[in-house]
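As structure tokens, the structure follows; a few thoughts come after it.
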Amino acid sequence: MTILFLLAYVAAIVLAVIDQLIKVWAVGNLQGQPERPFLQIGSFDWMHLRFVENDGAAFSILSGSKWFLIGFSALMIAICLILMQKLGKKHRWLLIVMPLIAGGGLGNLIDRVFRGGLVVDFLDFQLMNFAVFNFADVCVSVGVILMAICLLFVEKDEPSAKKLKKAKTLENAEQVGELNDAETHPDAEEYPDA
């Protein structure tokens, strides 16, 4: 295992730990308190801090499906780690994207297992009617967006780069072949050795 893979695994764990530390703070400082402004820029009120316990997925989808959500989260984390291990050497961008998704998923999975199926959410976006979310959700969302960008733009460019590399390799092989042909050419004996 190379240092990059080790760093990717450590990054996933660190993101989950950061998420859990923020949630411990949220439970201690926001639970039972009224929501409060968090991010204001000029006259724009962008975000509030509001304590919510969610027993579903995003936007409370599958609310009350604790065991399904635990199993699904564990499966997705495993898939992320397997993809990172199997494809990370060929697609280096996976070493950034997969730790974000796996770390965020692990943060919410820890909540589901140790908080009776409830996930602590505390970030309330104010510019539109949006779900209350947490740091782990941000990690997963950023990871998925980066993955989409890489699949659409990075992967699109890679095949042409590989073709160029193959073409240069083929060109070099043909030159070597020409040298070998000159050595075995019937008139080769007439030419003095260099």
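The values are calculated or read from the model by the stated rules, or taken from the named source; none is laboratory data. All values derive from a computational prediction rather than experimental measurement. Neighbour counts are summed over all protein chains in view; Cβ atoms, including those assigned to glycine, are modelled from backbone coordinates with ideal geometry. The protein model used for the area step is the full one, side chains on, heavy atoms only, and it has no ligands, DNA or RNA in it. Shrake-Rupley method; radii C 1.70, N 1.55, O 1.52, S 1.80 Å.
Points to keep in mind about this one:
- Selection within segment 18-58 - over 24 Å from Val140 (Cα atoms) and β-branched (Val, Ile, Thr): Ile41
- The criterion of at least 3 residues that are in contact (Cβ under 8 Å) with a residue 60 or more places away in the chain and in contact with a Ser or Thr (Cβ under 7 Å, 6 or more places away or on another chain) is met by none of the helices (runs of 4 or more DSSP H) falling completely within segment 62-152.
- Residues (within 19 Å of Ala131 (Cα to Cα), assigned to a strand (DSSP E or B) and open to solvent by 60 Å² or more (accessible area, probe 1.4 Å)) located in segment 1-54: Arg36, Pro37, Phe38, Leu39, Gln40, Phe44, Trp46, Arg50, Glu53
- Criterion (open to solvent by less than 20 Å² (accessible area, probe 1.4 Å) and under 19 Å from the mean Cα position of the chain (by Cα)) met by exactly one of Leu94, Leu109: Leu94
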